[in-house]
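For reference, the structure is listed below as structure tokens.
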Amino acid sequence: MDSWDRYRRSSTCQSALSGCASATATGTCTLPPVFAGLASVTNPQSATCTLALAWTAATPQCSPGDAVYYNVYRSTVSPFTPSASNRIATGVTGTSFSDEYGLASSTMYYYIVRAVDAANGAEDSNTVTVGALVTGPGSTLTTLYSDNFDGTGHSGLDGWETGSFASGGSTADWRGVQACSPTESGSNIFRYGGTSCTGTYAQGRWTLAAPGGAAGILVPADATSVRLSFYHRWNFYSSGSKTDGGTLMISTDNSTFTFVPASAIISGKSYTGTTSLLYSCASRSAGGSGRAAWTGTQSSMVQTVVDLDAAANAISGNVGGAAGKTLWIAFSPIIGCSGSNYGWFLDDVAITAYVPASCITGVAIGSVKPVPDGRWVPGTPMQASKVAADGSTINLTWDTTTCTDANYNLYWGDGSDLPTYALQGSVCGLGNTGSASGLALPAVPSGQSFIWWVIVGTDGSQMESSWGKDSAGNERHPAASGQCGFTAKSTAATCP
């Protein structure tokens, strides 16, 4: 097979290498910056619902000296397509942004950040999406499920769901609430066994009973340290090599159940043995033999505490523990065909988790309003009057009646800066009364005939308003000023 090289073909007759040529592209560069996209979103657990975004700086392709700013897009679903309708901040300078705008506690938010070349306005097209759940400060131990089987309304299966792992198996030995002593509290327990407290269970069954019924137990998405605690005593048949027992299983779909490993039992009484069943027994055929379980006899109530995060992670394909999952927790007696006994007695079953506190929703997106200019933004335009004859001290008034922001800043530049709105300085925190008196401005620089200034609304934190539009209707200075600590801009708001 022939091979190819630079303008030369391998064959019997070969020509000389052709010469190399190069050319430099001319014209306007319209390339966007090279940007890896958003790197992280973290939840600082602030009193006001806040998520902190961070990324690595983009690199401009057109000119190394070009400034780069960033646009931030947000959604409650993923994937999503960035657009003007979900853009929450524009002109962000630096490599971070604190989103404190209209977030609802315990809600998952997803973000895309895109880089923009300030010289040509070209935005990159990355779709890197990162999300986080927003919550408030601290956490509270929350009970997700609790049943002590005592008091009015507790009877029968008490809302528990029963089922069988052995084909055609009966669940009749799940008697539910019975008055059998000893108990851990009150006078009732939840029972697997015969009809009376000393009645024996039937042989050859492998069944389950799950608290929460068919609906299961919903664990909040922001929950941590999810635990199952219960008290129990038991009398299971055990003779020679034949052993019945009770075990725990867990599922996230109420269909496929996984055995809870002994390693997930973090305190109290762990499994005491292993089931061993006759070959001809239906419960063995279903896979019930050789399972870690509570076996033999335990006459007094003992506590068992299970780490449900670890138990959930034992499920094939499940990651992230129990948080955000619906769990079905199966108390499962595995009974052979050799003998019987009194069964399993449960009491004070509880499922708990630490759930972060709620946070307060902050100001809405678009709450930072542009200052009226009488043309693009309705209202009374800014007015200025000289206090000093040379104009070095002035009084200003601006319209805060049509639209009001939390605070206002004044930014200024000299005449040569006007085409690009490059800034020379600022006066921060003018208040929101709509007037400022005795403002000292610098003298007009040598070679310049004037200085210019603009009043900009802010949220008092990091976001400033639009600077208004130029005579052609284009946004003045699309990047945030970086003055007075304001590193992001909102152009979504309108006034009024």
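Of the candidates SER481, SER461, SER471, SER449, the single residue that is free of Cβ contacts under 8 Å to residues at least 24 places away in the same chain, part of a loop (DSSP other than H, G, I, E, B) and on the phi < 0 side of the Ramachandran plot is SER471.
Quick one: in the range 107-127, which of the residues that are among the hydroxyl-bearing types (Ser, Thr, Tyr) and buried (at least 18 other Cβ atoms within 10 Å of the Cβ) is nearest to THR28 (Cα to Cα)? Across the range 107-127, the extreme among qualifying residues is TYR111. The single condition among (1) buried (at least 20 other Cβ atoms within 10 Å of the Cβ); (2) touching a residue at least 60 places away in the same chain (Cβ under 8 Å) that GLN203 does not meet is (1). Candidates in the range 346-383 are the residues that are assigned to a loop (DSSP other than H, G, I, E, B) and among the hydroxyl-bearing types (Ser, Thr, Tyr); of these, the one that is farthest from ILE189 (Cα to Cα) is THR380.
When we screen SER98, SER125, SER106 for residues that are within 16 Å of the chain's Cα centre (by Cα) and over 30 Å from GLY159 (Cβ atoms), the only hit is SER98.
The residues in the range 442-457 that are crowded, with 17+ Cβ neighbours inside 10 Å and farther than 14 Å from TRP398 by Cα can be counted, and the count is 1. Among the residues making up the range 237-259, those that are within 23 Å of ALA215 (Cβ to Cβ) and not β-branched (Val, Ile, Thr) are LEU248, MET249, SER251, ASP253, ASN254, SER255, PHE257, PHE259. What number of residues within the range 413-440 are part of a strand (DSSP E or B) and more than 23 Å from ALA493 (Cβ to Cβ)? Within the range 413-440, residues that are part of a strand (DSSP E or B) and more than 23 Å from ALA493 (Cβ to Cβ) number 7. For the range 184-215, the set of residues classified as under 42 Å from the mean Cα position of the chain (by Cα) and under 14 Å from ASN148 (Cα atoms) consists of GLU184, SER185, GLY186, ASN188, ILE189, PHE190, ARG191, PRO211, GLY212, listed by residue number. For the range 401-426, the candidate set comprises residues that are over 12 Å from SER481 (Cα atoms) and under 37 Å from the mean Cα position of the chain (by Cα); within that set, the residue that is surrounded by the most Cβ atoms within 10 Å (Cβ to Cβ) is TYR408. Does the range 128-144 contain at least one residue that is surrounded by fewer than 16 Cβ atoms within 10 Å (Cβ to Cβ), of a type outside the set (Asp, Glu) and without any contact (Cβ under 8 Å) to a residue 60 or more places away in the chain? Scanning the range 128-144 turns up no residue that is surrounded by fewer than 16 Cβ atoms within 10 Å (Cβ to Cβ), of a type outside the set (Asp, Glu) and without any contact (Cβ under 8 Å) to a residue 60 or more places away in the chain.
Would you confirm, using the coordinates I've provided, whether GLY317 is touching a strand residue (DSSP E or B) at 6+ places or on another chain (Cβ under 9 Å) and at positive phi? Criteria not met by GLY317.
Close contacts from the range 260-276, counting a first residue that is within 17 Å of LEU208 (Cβ to Cβ) and a second that is of a type in the set (Ser, Thr, Tyr) and in a strand (DSSP E or B), with Cβ to Cβ under 8 Å and a gap of 6+ residues or different chains, come to VAL260/THR247; TYR271/THR247; THR275/THR243; THR275/THR247.
One residue stands out among those in the range 427-440 that are of a type in the set (A, V, I, L, M) and surrounded by 17 or more Cβ atoms within 10 Å (Cβ to Cβ): the one that is nearest to THR487 (Cα to Cα), which is VAL427. On the stretch given as the range 361-383, residues that are over 17 Å from ASN86 (Cα atoms) and of a type in the set (Ser, Thr, Tyr) total 2.
Can you tell me which residues in the range 238-261 are among the acidic types (Asp, Glu) and either at pLDDT below 95 or under 31 Å from the mean Cα position of the chain (by Cα) (or both)?
Across the range 238-261, the qualifying residue is only ASP253.
Among the residues of the range 54-75 satisfying the criterion of being within 23 Å of TYR110 (Cα to Cα) and hydroxyl-bearing (Ser, Thr, Tyr), which is nearest to the chain's Cα centre (by Cα)? Ranking the candidates gives SER75 first. For the range 384-412, the candidate set comprises residues that are under 15 Å from TRP467 (Cα atoms) and outside any loop (DSSP other than H, G, I, E, B); within that set, the residue that is modelled with the lowest pLDDT is TRP412. Selection of the range 389-439 for residues being out of contact with any strand residue (DSSP E or B) (no Cβ under 8 Å at 6 or more places or on another chain) and of a type in the set (A, V, I, L, M) yields only ALA389. Filter the range 216-237 for residues that are over 35 Å from the mean Cα position of the chain (by Cα) and surrounded by fewer than 21 Cβ atoms within 10 Å (Cβ to Cβ) and give the result. Selection gives ASN235 alone. Of everything in the range 320-345 that is surrounded by fewer than 23 Cβ atoms within 10 Å (Cβ to Cβ) and among the polar types (S, T, N, Q), the residue that is nearest to ILE265 (Cα to Cα) is THR326. When you scan the range 77-98, do you find a residue that is crowded, with 19+ Cβ neighbours inside 10 Å, touching a helix residue (DSSP H, G or I) at 6+ places or on another chain (Cβ under 7 Å) and not hydroxyl-bearing (Ser, Thr, Tyr), even just one? There is no residue in the range 77-98 that is crowded, with 19+ Cβ neighbours inside 10 Å, touching a helix residue (DSSP H, G or I) at 6+ places or on another chain (Cβ under 7 Å) and not hydroxyl-bearing (Ser, Thr, Tyr).
The values are calculated or read from the model by the stated rules, or taken from the named source; none is laboratory data. Everything quoted here is computed from the prediction, not taken from an experiment. Cβ coordinates were reconstructed from backbone atoms using ideal geometry, including for glycine residues, and neighbour counts include every protein chain displayed.
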